[in-house]
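Notes follow the structure.
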Amino acid sequence: MNMQIPNSPTKSPIGLDGVPAAETALSHVDGERGELVIAGERVGDLVRGASFEGVTARLWTLGTGQPIGEAAVRAALGAARERAHARLPRLLAATTGLSIVDGVRAAIAALRSEPGLSDEATIVGALPVITGALIARGHGAQPVPPDPTLGHAADTLAMIHGRRPNARAAAALDAYLVTVCDHGMNASTFTTRVVASTQADLFAAVTAGYCALTGPLHGGAPEPVLEMLDAIATAERIAPWIDAALARGERLMGFGHRIYRVRDPRADVLKDTVGRLTEAGVELPLASAVEAYARDALRRAKPNRPLETNVEFFTAILLDALSIPRQAFTPVFAVARAAGWTAHAREQQRTGRLLRPGSVYVGAVPD
Ligand code: ACO
């Protein structure tokens with residue numbers, strides 16, 4: 001994929017670099033130290049100790065101000081997956097002919113409040129059901145019904161593949177969901193908060209957040225990462241391919257970040273997760289060699305701007321190793337990030353404050 005992005009004025013508040021838009025107790029990104037804290041814990045520790053349901057419980061407790069425990073979240077998400085499955089004819093009504101990424105957008109927009117479920121559970125529970133159904137439709141298959149007795153990660157894989165995952169695969173997807181469930185004031189979370197700040201409902205706010213996620217500068221990067229690895233294909237082609245892409249002024253997908261000036265800590269967490277799958281037979285030599293060469297080449301090309309591996313590089317490799325179709329990588333990212341979006345939407349709504357930034361007028365001035 002060719003990525004030629006017009007240069008942006010990075011040394012001014014245009015683009016909102018470093019401008020705080022909200023106070024949040026949900027997560028914090030320290031770009032200088034390469035640290036990510038989610039619900040009070042470093043991401044590496046969180047992944048070792050918490051399930052997706054556990055971290056979602058913590059985010060929702062902080063976002064809503066109403067304590068909820070892991071077991072209650074597990075039960076609510078199981079019920080919400082079943083409810084979404086029952087609603088699939090309505091949810092998928094406007095998705096005919098759309099890609100998986102675009103179909104998910106239309107289906108989230110069709111979600112409504114469900115009796116007996118919080119809107120946050122309805123949304124987070126529906127995402128893997130919609131994603132699995134759109135993948136199944138792509139092979140002409142029927143949607144796989146959810147199993148509320150499974151964890152959210154295991155059931156996501158079961159609905160995508162039509163069979164129960166093994167424990168190692170379920171644990172790897174769970175680690176991924178925890179790793180990317182929230183990440184400060186990223187573009188999709190900011191978008192979600194802007195819509196929530198108008199007191200629009202969570203369905204409107206999360207639909208908008210998902211739209212922001214789909215762009216390649218944000219959550220749309222992992223599919224192009226795999227396209228890059230496919231295009232490189234062999235070890236001998238790594239250097240000429242990357243050098244030529246940089247010489248054409250293209251961006252290497254899976255590298256660079258607006259906030260991190262050192263390595264994205266999530267890249268290490270996901271690399272370890274991929275490593276555990278590697279023991280199960282996934283080979284990584286080409287990806288590791290591409291990563292190493294790309295980091296050196298970026299250091300030479302942009303000596304004044306640290307450009308390190310970001311979360312999307314290992315997301316692509318991990319989701320591919322889990323046999324998730326690449327066209328569904330962004331929706332699977334959304335399965336995780338929906339936990340953060342819903343918590344941020346609630347946190348923003350509770351402030352009662354409308355987000356309404358200014359602009360720098362550069363147009364004509366009347367006489
Ligand atoms: N490859 C090559 N050059 C790059 C890359 C890259 N991946 N990223 C930045 N640069 C260059 C820019 O073109 C710019 O060059 P210039 O000074 O000659 O104009 C310079 O480095 C500085 O760019 P930044 O100000 O750091 O870029 P910005 O903060 O606007 O962008 C972004 C961050 C969008 C993530 C960028 O690094 C990028 O496009 N990366 C590739 C896409 C990607 O991996 N996206 C996923 C991000 S992670 C996430 O959102 C979940």
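The values are calculated or read from the model by the stated rules, or taken from the named source; none is laboratory data. As the structure is a computational prediction, the values presented were derived from the model and not from experiment. Heads up, the Cβs are rebuilt from the backbone with ideal geometry, glycines too, and the neighbour counts pull from every protein chain shown. Ligands, DNA and RNA are stripped out before the accessible areas are found, and what is left, the full protein with its side chains, is counted by its heavy atoms. Shrake-Rupley method; radii C 1.70, N 1.55, O 1.52, S 1.80 Å.
List of remarks:
- Hey, residue 267 closer than 19 Å to residue 329 by Cα, in contact (Cβ under 8 Å) with a residue 12 or more places away in the chain and either near the ligand (Cβ under 9 Å from one of its atoms) or surrounded by 18 or more Cβ atoms within 10 Å (Cβ to Cβ) (or both) or not: yes
- The set of residues from segment 81-103 being surrounded by 21 or more Cβ atoms within 10 Å (Cβ to Cβ), under 20 Å from the mean Cα position of the chain (by Cα) and of a type outside the set (Lys, Arg) comprises 100, 101, 103.
- Counted as qualifying within segment 104-197 are the helices (runs of 4 or more DSSP H) with 2 or more residues that are touching a His at 6+ places or on another chain (Cβ under 9 Å) and surrounded by 24 or more Cβ atoms within 10 Å (Cβ to Cβ), namely 119-138, 167-179, 187-197.
- Among residues of segment 210-223 that are near the ligand (Cβ under 6 Å from one of its atoms), those with a beta-carbon under 7 Å from a residue that is open to solvent by 50 Å² or more (accessible area, probe 1.4 Å) at least six positions away or on a different chain give the pairs 218/187.
- When segment 194-235 is filtered for residues that are touching a Gly at 6+ places or on another chain (Cβ under 8 Å), among the hydrophobic types (A, V, I, L, M, F, W, C) and closer than 15 Å to residue 320 by Cα, the ones remaining, listed by number, are 221, 225, 228.
- Filter pass, residue 296 being free of Cβ contacts under 8 Å to residues at least 40 places away in the same chain and more than 11 Å from the ligand (Cβ to nearest atom): yes
- If you go through segment 198-209 and keep only what is outside any helix (DSSP H, G or I) and either in contact (Cβ under 8 Å) with a residue 24 or more places away in the chain or charged (D, E, K, R) (or both), you end up with 198, 199, 201.
- Residue in segment 300-318 that is in contact (Cβ under 8 Å) with a residue 24 or more places away in the chain and under 22 Å from residue 151 (Cα atoms) present: yes
- Within segment 43-79, being small (Gly, Ala, Ser), more than 23 Å from residue 350 (Cα to Cα), assigned to a helix (DSSP H, G or I) and within 20 Å of the chain's Cα centre (by Cα) holds for one residue alone: 44.
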